[in-house]
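Let me begin by presenting the structure, written as structure tokens, before commenting on it.
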Amino acid sequence: MSKPSNSLHDMSVAELAAGLKARRFSALETAQHFLARAQADRSGSFLAFNPEATLAQAQASDARLAAGTGGPLEGVPLGHKDIFVTRDFVTTAGSKMLEGYRSPFDATVVTRLADAGMVTLGKLNCDEFAMGSGNENSAYGAVNNPWDTSRVPGGSSGGSAAAIAARLVPAATGTDTGGSIRQPASFCGITGIKPTYGRASRYGMIAYASSLDQGGPMARSAEDCALLLSAMCGPDPDRDSTSLDVPAEDFSAKLNDDLSGLRIGIPKEFFGEGLVADVRTAVDGALAELTRLGATLVPISLPRTELAIPVYYIIAPAEASSNLSRYDGVKFGHRAKSYSDLESMYKRSRAEGFGSEVKRRIMTGTYVLSHGYYDAYYLQAQKIRRMIAQDFKDAFGQCDVIAGPVAPTVAWEIGQNAGDPVADYLADIFTLPASLAGLPGLSVPAGFGAHNMPVGLQLIGNYFQEARLLNVAHRLQQVSDVHLRKPEGV
Ligand code: GLN
């Protein structure tokens, strides 16, 4: 149960929206309060501010609140992952390639949240082009996890997760291609949901792997995520051809539904050797809580779980190699200062603009798509991707939602995996399967593991079952206070 609190930064999105509507405090003072905290922060969470734009948005919110015409989230501040393009704030995707880039338009998700009344505080750090699991691949530096500043916040939406946990923002956007909303949410002790692929428009979301990329909200509670998700989703037929023709939904409507009789599938492949004991204990604790609320645990199998890693790390780089070909030093982005001819201009601009992990993915992707290897790698991966989706289909014949860990361990030390990219890839094992199948997935705080670091419980739903996932997470948060705990010094 969310406790009312006096300081603005401890309030939930729901409390802030209610307080603003009742005019107990203004949008301007709310924006100033959060902006002061965010600008004083030294964790590396924020990449860009534009106080003038933020305060102008807040004043416009106050005018609408005074006129009684405010949206459902009028005056509530948020931060956007730097993958979403914004007209009023620089957008870099965490890359030197886009240093100082100003988009001429806002991403659809940004527009929708602004239409609901939200005020943008700034842009949040992330792995370069969302490629990574620890936010260490950002060209603008690592982000400190507020629970232990020597550790990563997770990635790629690391700035979003860290800023929420540190109470610099009440909520933020994230993007999830293979786990980038769920895993940082787990590592920072907050809540995040990746909706069904196609629910939220990808227009203006800088492309990594287009068949997997999906935006979603991150906040402290499921209740708050539901408020943002309701504003974010909906068809965008003119701008994103893969956006689904499914109407926007009120994801708050079923938050309090009873869990009696809910069948939670427990995939045995998620609880094997790779899962460390402290994470398992926290996950088991949350599952036990859910059974006390009336759910039953059903053993299931997702037999191709391990194959999700090689399949994802073929498909995602393949799509990335194609998507990132647009950064050629001509249309936008970094252009080398010195070059001899057009070809050397392309080569130097890309060599200087991209970081090493991005280059590694482009090379991998180009290789698996090349003549002679296409059938052996890319086509084969596509076939297994289809089978992974089938495994979920079979599993949902036996259960209503699937639960397990988000990641095999708690957040690691900054620098620990330097020079070992595969270590990061392997840590994605539990989030990749739902991404490959296009299913919705949520991370909700389960407890604490080694070094007192947060541990998330992952909930995976069938297509369009976001409301169910949020319902399960919300009921858990009504009997548990894990999501209300604060890192020391915050
Ligand atoms: N860690 C995965 C990767 O590096 C997922 C990233 C994401 O979801 N954007 O590709």
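Just for helices (runs of 4 or more DSSP H) wholly inside region 382-490: which have at least 3 residues that are within 16 Å of the ligand (Cβ to nearest atom) and out of contact with any Pro (no Cβ under 6 Å at 6 or more places or on another chain)? Working first, answer last.
On the way: elements: 421-426, 432-437, 466-479.
Because the criterion is at least 3 residues that are within 16 Å of the ligand (Cβ to nearest atom) and out of contact with any Pro (no Cβ under 6 Å at 6 or more places or on another chain), the helices (runs of 4 or more DSSP H) in region 382-490 that meet it are 421-426, 432-437.
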(message) I'm told S156 meets every condition in (1) under 13 Å from I83 (Cβ atoms); (2) touching a Lys or Arg at 6+ places or on another chain (Cβ under 6 Å) except one. Can you identify the failing condition by its number?
(response) (2)
(request) Write out, first by first residue and then by second, each pair whose Cβ atoms fall under 8 Å of each other, whose residues are 6+ apart or on separate chains, and whose first residue, in region 209-225, is among the polar types (S, T, N, Q) and within 16 Å of the ligand (Cβ to nearest atom) while the second is modelled with pLDDT of 95 or more and in a strand (DSSP E or B). (result) Q214/T175; Q214/D176; Q214/K194; Q214/A200
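With respect to I193, is the statement that it is in contact with a strand residue (DSSP E or B) (Cβ under 9 Å, 6 or more places away or on another chain), within 16 Å of the ligand (Cβ to nearest atom) and either aliphatic (A, V, I, L, M) or without any contact (Cβ under 8 Å) to a residue 60 or more places away in the chain (or both) true? Spell out the reasoning first.
Values: in contact with a strand residue (DSSP E or B) (Cβ under 9 Å, 6 or more places away or on another chain): yes; within 16 Å of the ligand (Cβ to nearest atom): yes; either aliphatic (A, V, I, L, M) or without any contact (Cβ under 8 Å) to a residue 60 or more places away in the chain (or both): yes.
Against the criterion (in contact with a strand residue (DSSP E or B) (Cβ under 9 Å, 6 or more places away or on another chain), within 16 Å of the ligand (Cβ to nearest atom) and either aliphatic (A, V, I, L, M) or without any contact (Cβ under 8 Å) to a residue 60 or more places away in the chain (or both)), I193 qualifies.
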(message) Residues that are open to solvent by 40 Å² or more (accessible area, probe 1.4 Å) and closer than 30 Å to D148 by Cβ: list the helices (runs of 4 or more DSSP H) wholly contained in region 11-114 that include at least 3 such residues.
(response) 27-40
(message) Could you check region 395-409 and list, in sequence order, the residues that are under 20 Å from V279 (Cα atoms) and either open to solvent by 10 Å² or more (accessible area, probe 1.4 Å) or not aliphatic (A, V, I, L, M) (or both)?
(response) G404, P405, P408, T409
(request) Tell me, yes or no, whether region 209-221 has at least one residue that is surrounded by fewer than 24 Cβ atoms within 10 Å (Cβ to Cβ) and among the polar types (S, T, N, Q). (result) yes
(message) For region 118-234, give me every one of the strands (runs of 3 or more DSSP E) that falls completely inside it and has 1 or more residues that are in contact with a Phe, Trp or Tyr (Cβ under 8 Å, 6 or more places away or on another chain) and β-branched (V, I, T).
(response) 119-124, 171-176
(message) Can you confirm whether P153 is under 19 Å from P454 (Cα atoms) and within 16 Å of the ligand (Cβ to nearest atom)?
(response) yes
(message) Of everything in region 316-341, what is surrounded by 14 or more Cβ atoms within 10 Å (Cβ to Cβ) and either in a loop (DSSP other than H, G, I, E, B) or modelled with pLDDT under 95 (or both)? Give them in sequence order.
(response) Y327, D328, G329, F332, G333, H334, R335, A336, Y339
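The values are calculated or read from the model by the stated rules, or taken from the named source; none is laboratory data. Note that this is a predicted model, so its numbers are computed, not measured. Methodologically, a virtual Cβ is constructed for each residue, glycine included, from the backbone with ideal geometry; neighbour enumeration extends over all protein chains shown. When the accessible area is computed, the model is the full protein with side chains, heavy atoms only, and any ligands, DNA or RNA have been set aside. Shrake-Rupley method; radii C 1.70, N 1.55, O 1.52, S 1.80 Å.
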